[in-house]
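These notes are about the structure you will find just below.
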Amino acid sequence: MKKKNNIFKSLAIASFGVLSLCSCNDFLTIYPTDKTIGENFWKTKDDVDQMVTGAYHNLIASGNIERFIMWGDFRSDEIQKHNSLDNTTLDNITNVDLYPSSGYNSWASFYNVINTCNLVLNHASSVMDIDPEFTSGDYQTARAQMLGLRALCHFYLVRSFRDIPYVTKSYENTDDMAVDGQLPPDSTLQLCINDLEEAVQGCYKYGTFGTNDWRNVGLLSKDAIHAILADVYLWRASLWTNTDKEKAKTYYQASIDNANLVIQSHKEFYEQNYKGTSAASGENTTAPYYLYDGQEAYYRIFNQGNSRESIFELQFDGNSNSNSQVCKYFYKWEKAASTYGMLAGTSIVGTSVGDNPKPASSSASLDAYYKSENDYRFYDNSYEVNDDNISFYPIKKMIYQGMSISSIPTRKKGDTYLQSRTYENFRQNWIVYRITDVMLMKAEAEIQLAGSDDKKFQHAFNIIQAVNKRSIATEALAKDTLVYKDNYNKQTKLEQLCLQERGRELCYEGKRWYDLLRYSYRHMKGVDPTKTLYEIDPNGSNYPSLDESDNNFKDILQSKYGTNIVKFKNEAYLYWPILQSDIKNNKLLHQNPVWVETKTSEKQ
């Protein structure tokens with residue numbers, strides 16, 4: 001723990017200079033203060049180390065955690081505003097009225113991280129000529145970390161706004177200030193890939209710091225870079241699925257290749273350090289995944305943090321920093337006396353339990369989010385589940401600090417909402433990637449490449465089943481284990497199963513909206529990832545429709561949006577508006593054409 005406190009002390013020092021580069025407004029449009037990094041900076045190895053840790057510190061800023069939740073989850077079917085909360089902004093989003101003036105549209109906190117990365121990338125090499133303690137190896141490691149974080153931030157931005165500036169220049173003095181125009185998504189994704197493929201060469205191998213060391217997952221390892229690459233390629237492939245099938249196949253395969261590297265690395269680390277030891281007791285040690293036992297998984301992964309199923313997670317110690325946004329949105333929204341968080345689970349995650357998962361008609365259905373009431377995750381993700389008297393379900397994941405519930409077959413209702421944590425010093429890491437996420441990415445890509453090959457479908461199914469099976473109570477495995485034959489031997493059924501399994505496994509982790517977008521893209525015609533929305537049609541109407549007969553995107557969201565679902569007309573509605581002040585100040589930026597600041601926020 002001493003090592004962890006030391007780095008957070010360094011983070012605090014580094015952030016003092018770094019944070020002065022930006023106000024709460026977007027640094028792309030607000031000039032930074034002159035000479036924010038003094039003339040005596042960039043002289044020593046310690047200067048570089050402080051800036052690298054400063055980039056990680058900026059990544060855990062409250063503005064970023066807030067957007068992981070809002071951008072990645074709030075518009076999806078699994079999360080809603082708490083019924084007791086009065087918040088017009090959240091109501092507008094639920095009504096599909098996204099106002100460009102809303103603070104949720106600000107991307108400043110992400111570009112702040114990007115700028116810190118660029119400062120290191122543009123200055124660190126010169127330190128080697130000044131300080132002999134800063135070696136070439138040190139430089140390559142620092143460069144790799146910054147390239148990886150820069151790509152990750154741009155990846156979040158492209159999935160949330162589609163057309164964004166890819167910034168590679170650092171801004172230090174007003175004389176250096178430049179404006180950046182938007183790139184179409186395919187160009188941004190290629191730049192992300194370029195950065196990541198260079199980064200993986202300089203990052204350390206997962207497990208370099210031994211067992212039970214937070215740095216294995218708190219800093220970017222090769223596994224973390226490969227996980228991001230698997231995600232980037234999966235997103236890119238989905239964009240191209242109905243536009244250029246051969247190009248899409250190449251990207252799906254690249255996603256699988258990167259996922260395999262992560263899975264193999266974690267397998268080897270487990271076998272070298274844990275297999276056959278007392279530390280392996282109580283776990284599902286079936287090769288090749290070695291996942292935790294379902295009854296222990298919640299505690300190991302979320303309560304303890306930095307588990308060996310994790311790949312990359314943002315670090316909070318509760319003293320030097322606090323995860324105030326998870327506290328605010330999931331636990332206590334305003335103050336210690338608050339009795340609920342801003343957000344809660346929808347009826348989909350609280351009541352939708354399928355019966356026996358074996359019948360094909362039930363298994364392939366999209367309306368049963370969970371397949372079995374003997375699934376630990378049903379009770380671990382949300383409070384009050386299976387309570388017919390409520391329509392919203394307080395979030396339990398990352399809030400509850402006990403072990404998973406036991407004796408599921410005799411338990412039909414979830415835990416009563418329990419406020420057992422303090423409001424201050426809220427210590428809870430935010431997981432960006434973990435092994436089951438990568439496994440399901442691989443399965444999703446394999447399904448798209450399977451064609452009509454039953455063996456390939458079976459292989460993808462087996463990955464999904466491994467994730468699902470570990471979460472089913474042992475007493476119920478004979479009844480509730482997913483069965484392949486006649487249930488999931490078609491691409492449509494298996495694609496929906498994978499989407500559902502990601503929902504169950506990654507609920508409230510900032511993944512669901514992006515999962516739904518990938519699904520929708522694979523059922524959309526006429527997508528052009530090589531052009532910005534403005535280049536395609538500045539009037540906001542000539543975009544790919546969301547109403548293709550095989551696209552269930554609207555059906556999935558129907559339970560949350562009701563009649564407002566008709567407002568999701570085309571591709572552009574999948575993305576957030578750009579903050580209006582940024583559009584005003586940067587003439588090279590174009591607003592998402594379907595969003596304007598009017599009474600309804602919708603361009604008619």
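Numbers at a glance
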| item | result |
| --- | --- |
| Selection within segment 200-250 - under 22 Å from the mean Cα position of the chain (by Cα), in a loop (DSSP other than H, G, I, E, B) and small (Gly, Ala, Ser) | Ser221 |
| Qualifying residue in segment 253-264 (condition: within 25 Å of the chain's Cα centre (by Cα), surrounded by fewer than 18 Cβ atoms within 10 Å (Cβ to Cβ) and assigned to a loop (DSSP other than H, G, I, E, B)) | no |
| Unmet criterion (only one of (1) surrounded by 21 or more Cβ atoms within 10 Å (Cβ to Cβ); (2) in contact with a strand residue (DSSP E or B) (Cβ under 6 Å, 6 or more places away or on another chain); (3) at pLDDT 90 or above) for Asp480 | (3) |
| Residues located in segment 515-573, provided they are in a loop (DSSP other than H, G, I, E, B), of a type in the set (S, T, N, Q) and surrounded by fewer than 18 Cβ atoms within 10 Å (Cβ to Cβ) | Thr530, Asn539, Ser541, Asn542, Ser549 |
| Members of segment 61-90 found to be within 27 Å of Thr351 (Cβ to Cβ) and in a loop (DSSP other than H, G, I, E, B), listed by number | Arg75, Ser76, Asp77, Glu78, His82, Asn83, Ser84, Leu85, Asp86, Asn87 |
| Residue match in segment 268-278 (condition: surrounded by 17 or more Cβ atoms within 10 Å (Cβ to Cβ) and in a helix (DSSP H, G or I)) | yes |
| Which listed residue is within 24 Å of the chain's Cα centre (by Cα), over 19 Å from Gly510 (Cα atoms) and part of a helix (DSSP H, G or I), from Thr116, Thr168 | Thr116 |
| Qualifying residues in segment 574-586 (those that are in a helix (DSSP H, G or I) and of a type outside the set (Ser, Thr, Tyr)) - the one most open to solvent (accessible area, probe 1.4 Å) | Lys584 |
| Subset of segment 281-329 (residues that are in contact with a Leu (Cβ under 6 Å, 6 or more places away or on another chain) and surrounded by 22 or more Cβ atoms within 10 Å (Cβ to Cβ)) | Tyr329 |
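The values are calculated or read from the model by the stated rules, or taken from the named source; none is laboratory data. Every value quoted in this text rests on a predicted model; they were computed, and no experiment measured them. Cβ coordinates were reconstructed from backbone atoms using ideal geometry, including for glycine residues, and neighbour counts include every protein chain displayed. Calculation scope for accessible area: heavy atoms of the full protein, side chains included, ligands and nucleic acids excluded. Shrake-Rupley method; radii C 1.70, N 1.55, O 1.52, S 1.80 Å.
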